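Written below as C-alpha cells is the structure these notes are about.
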C-alpha cells in the first residue's frame, strides 16, 4: 500500500495509537519514515515492532520501538548490538517456546543494559505455566506477556 492509502485507512479507524508491524516493516525504511512523519504530524502516538535485524535508530524520533529478540527455537538471529539503542520508552520482547529459549533470554537480559521494558512472551502452544515458573524461580528481570490476540482469536 502507498503511504497515502495507509494514512486513509488509519484515519477511518478513529484511533489515536498506531503500531507499525509486519513482517519486518524496516525493510521498507524510506516509506516507513515518510509514514511515521505523517502519523506524528496527524497527532498519532506511534510504535514499531521490529525483529532486531535492522538498525531502527532513524525511526526513534517518531516512534517507540519494540524489538523482538529471536530465541534459538525460532531458527533466526537478532542483532543484539541494537539492544544498546533501546531507550526507556522502548521495549524488548523474547518470544519463547521452551526452557532453552528462557535460558537464552535470561543470559541476554543479564548481559545487556536494557533501558526499556523487557517482556517474556510464551509462543502459542507452549507451556505458559512452565515458562512463568522459570521467570519467577530464576528472578528474570522481565514481565510475562501472554499473546492475548491469539487467545481471543485476533490474527
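Tabulated data
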quantity: Selection count where residues are assigned to a loop (DSSP other than H, G, I, E, B) and either modelled with pLDDT of 95 or more or under 20 Å from residue 83 (Cβ atoms) (or both), scope region 112-126; calculated: 5
quantity: Residues (part of a loop (DSSP other than H, G, I, E, B) and over 16 Å from the mean Cα position of the chain (by Cα)) located in region 68-82; calculated: 75
quantity: Test: residue in region 78-99 that is free of Cβ contacts under 8 Å to residues at least 24 places away in the same chain and either more than 30 Å from residue 12 (Cα to Cα) or crowded, with 16+ Cβ neighbours inside 10 Å (or both); calculated: yes
quantity: Total residues in region 1-40, condition surrounded by fewer than 13 Cβ atoms within 10 Å (Cβ to Cβ) and part of a helix (DSSP H, G or I); calculated: 8
quantity: Which listed residue is under 20 Å from the mean Cα position of the chain (by Cα), part of a loop (DSSP other than H, G, I, E, B) and closer than 22 Å to residue 95 by Cβ, from 48, 65, 54; calculated: 54
quantity: Tally, over region 83-106, of residues that are closer than 30 Å to residue 46 by Cβ and in a loop (DSSP other than H, G, I, E, B); calculated: 6
quantity: Given (1) more than 13 Å from the chain's Cα centre (by Cα); (2) assigned to a loop (DSSP other than H, G, I, E, B); (3) within 18 Å of residue 118 (Cα to Cα), index of the condition residue 43 fails; calculated: (3)
quantity: Unique match (being modelled with pLDDT of 95 or more and either in a loop (DSSP other than H, G, I, E, B) or loosely packed, with under 15 Cβ neighbours inside 10 Å (or both)) among 136, 146, 109, 131; calculated: 136
quantity: Subset of region 11-34 (residues that are under 25 Å from residue 119 (Cβ atoms) and touching a helix residue (DSSP H, G or I) at 6+ places or on another chain (Cβ under 8 Å)); calculated: 18, 20, 25, 26, 29, 32
quantity: Residue 104 vs. criteria touching a helix residue (DSSP H, G or I) at 6+ places or on another chain (Cβ under 8 Å), at pLDDT 95 or above, closer than 18 Å to residue 19 by Cα and buried (at least 16 other Cβ atoms within 10 Å of the Cβ); calculated: no
quantity: Among residues of region 35-57, those that are more than 18 Å from residue 86 (Cβ to Cβ) and touching a helix residue (DSSP H, G or I) at 6+ places or on another chain (Cβ under 8 Å), counted; calculated: 5
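For (1) over 21 Å from residue 145 (Cβ atoms); (2) modelled with pLDDT of 95 or more, each residue gets a yes or a no:
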| position | (1), (2) |
| --- | --- |
| 23 | no, no |
| 35 | yes, yes |
| 45 | no, yes |
| 55 | yes, yes |
| 66 | no, yes |
| 71 | no, yes |
| 86 | no, yes |
| 93 | no, yes |
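The values are calculated or read from the model by the stated rules, or taken from the named source; none is laboratory data. If you're wondering where the values come from, they're calculated on a predicted model, not measured in any experiment. FYI the Cβ positions are ideal-geometry reconstructions off the backbone, even for glycines, and counts take in every protein chain you see.
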